[in-house]
Amino acid sequence: MVRIRMRSLFEAISRESVEWILASSIDPARLPRHIAVIMDGNGRWARQRFMPRVAGHKAGVASVREIVESSARLGIEALTLYAFSTENWKRPALEVQTLWRLLRIYLRSELPTLQDNNVRLETIGRIEELPAAAREELERVKALTANNTGLRLTLALNYSGRAELVDAVRAIAATRLSPDLIDEHTLQSHLYTASLPEPDLLIRTSGEMRLSNFLLWQIAYTELHVSSVLWPDFRLKHLLEAILDFQSRERRFGGVAPLDEKLAEPVPVAAR
């Protein structure tokens, strides 16, 4: 199935392109199951062009479209995009209002693309605090794509990693479960992302070297890839570069590499 979906990607790009060369280097058997993205740099992109910040957010919609569609064609199981944090409410009111309007426009305009690519839309965060119009549009598109079986696209909206942990602890406390019975599995099962695999790859654009309160529990063993590209300029080429970087890593999850394990074995007495 993965190879079939990658074939779909090759059909969408030119043989003479950089994207074709990069895609040809990817091992389809070692694709990350879940990619998370901190979409950063919209404001700087606009400032570099002497444009208002909202212009950067509008330009960033094209990047969302390409990365979602490309991830579906690659055969990625889950893609989580950090779209609006709980701290983003501190931004100017006009900018915040524009962000919610752009979300509604994106959902309405991209629904056919989501359906054509078998993408299922989901959300994480304190969604109940969103403006009613945005919340209603989200619920409509989520319902219409609920039966899709391909890429699980999750939008993190009004999201905070710390708030997620607080909400999980509150949910556990409400069950009156004995403290002795609470373990990592208990906490994980009460997170917003309980039904998702933990991210294999976290991409942050714009070159910033911080996590910004995103998926703090889930990324304990996630591979990090920081791109200097601002989000409105982030395209398939950069996604493929991130995946190739991921595939170059040796994931040990706290253990040791097979070679290191062999070297750690005691030397037989006769060989000394």
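The values are calculated or read from the model by the stated rules, or taken from the named source; none is laboratory data. Computed from a prediction, not measured in an experiment: that's the story for all the values here. Here Cβ is always computed from backbone atoms with ideal geometry, including for glycine, and neighbour counts include all displayed protein chains.
Side notes on the structure shown:
- Picking from residues in segment 13-45 that are without any contact (Cβ under 8 Å) to a residue 60 or more places away in the chain and assigned to a helix (DSSP H, G or I), the one that is surrounded by the fewest Cβ atoms within 10 Å (Cβ to Cβ) is ALA29.
- Residue match in segment 184-196 (condition: buried (at least 19 other Cβ atoms within 10 Å of the Cβ), touching a His at 6+ places or on another chain (Cβ under 7 Å) and either under 23 Å from THR113 (Cβ atoms) or among the β-branched types (Val, Ile, Thr) (or both)): yes
- Across segment 220-251, the qualifying residues are those that are surrounded by 16 or more Cβ atoms within 10 Å (Cβ to Cβ) and of a type in the set (D, E, K, R), and the one among them that is nearest to the chain's Cα centre (by Cα) is GLU223.
- The condition of being closer than 20 Å to GLY60 by Cα, among the polar types (S, T, N, Q) and in contact (Cβ under 8 Å) with a residue 40 or more places away in the chain does not hold for THR193.
- Some residue of segment 199-221 being within 21 Å of LEU74 (Cα to Cα), part of a loop (DSSP other than H, G, I, E, B) and among the aliphatic types (A, V, I, L, M): no
- Flag: LEU224 does not match the condition of being modelled with pLDDT of 95 or more, in contact with a Phe, Trp or Tyr (Cβ under 7 Å, 6 or more places away or on another chain) and on the phi < 0 side of the Ramachandran plot.
- Among residues of segment 78-101, those that are over 19 Å from the mean Cα position of the chain (by Cα), surrounded by 15 or more Cβ atoms within 10 Å (Cβ to Cβ) and aliphatic (A, V, I, L, M), counted: 1
- Criterion: over 30 Å from TRP89 (Cβ atoms), in a helix (DSSP H, G or I) and at pLDDT 95 or above - qualifying residue of LEU187, LEU240: LEU240
- Residue in segment 134-145 that is surrounded by 12 or more Cβ atoms within 10 Å (Cβ to Cβ) and not in a helix (DSSP H, G or I) present: yes
- Residue that is within 21 Å of ALA133 (Cβ to Cβ) and either in contact (Cβ under 8 Å) with a residue 24 or more places away in the chain or not polar (S, T, N, Q) (or both), where the choices are GLU95, GLU77, GLU87: GLU95
- When SER8, SER70 are checked against the criterion of being of a type in the set (S, T, N, Q) and farther than 30 Å from VAL96 by Cα, a single residue qualifies: SER8.
- Inter-residue pairs, beta-carbon under 7 Å, first over 17 Å from ALA163 (Cβ atoms) and surrounded by fewer than 22 Cβ atoms within 10 Å (Cβ to Cβ) and in segment 197-219, second of a type in the set (A, V, I, L, M, F, W, C) and modelled with pLDDT of 95 or more, 6+ apart: PRO197/ALA78; SER206/LEU230; SER206/TRP231; GLY207/VAL226; MET209/VAL226
- When segment 47-63 is filtered for residues that are in a helix (DSSP H, G or I) and either surrounded by fewer than 21 Cβ atoms within 10 Å (Cβ to Cβ) or free of Cβ contacts under 8 Å to residues at least 24 places away in the same chain (or both), the ones remaining, listed by number, are ARG47, GLN48, ARG53, VAL54, ALA55, LYS58, ALA59, VAL61, ALA62.
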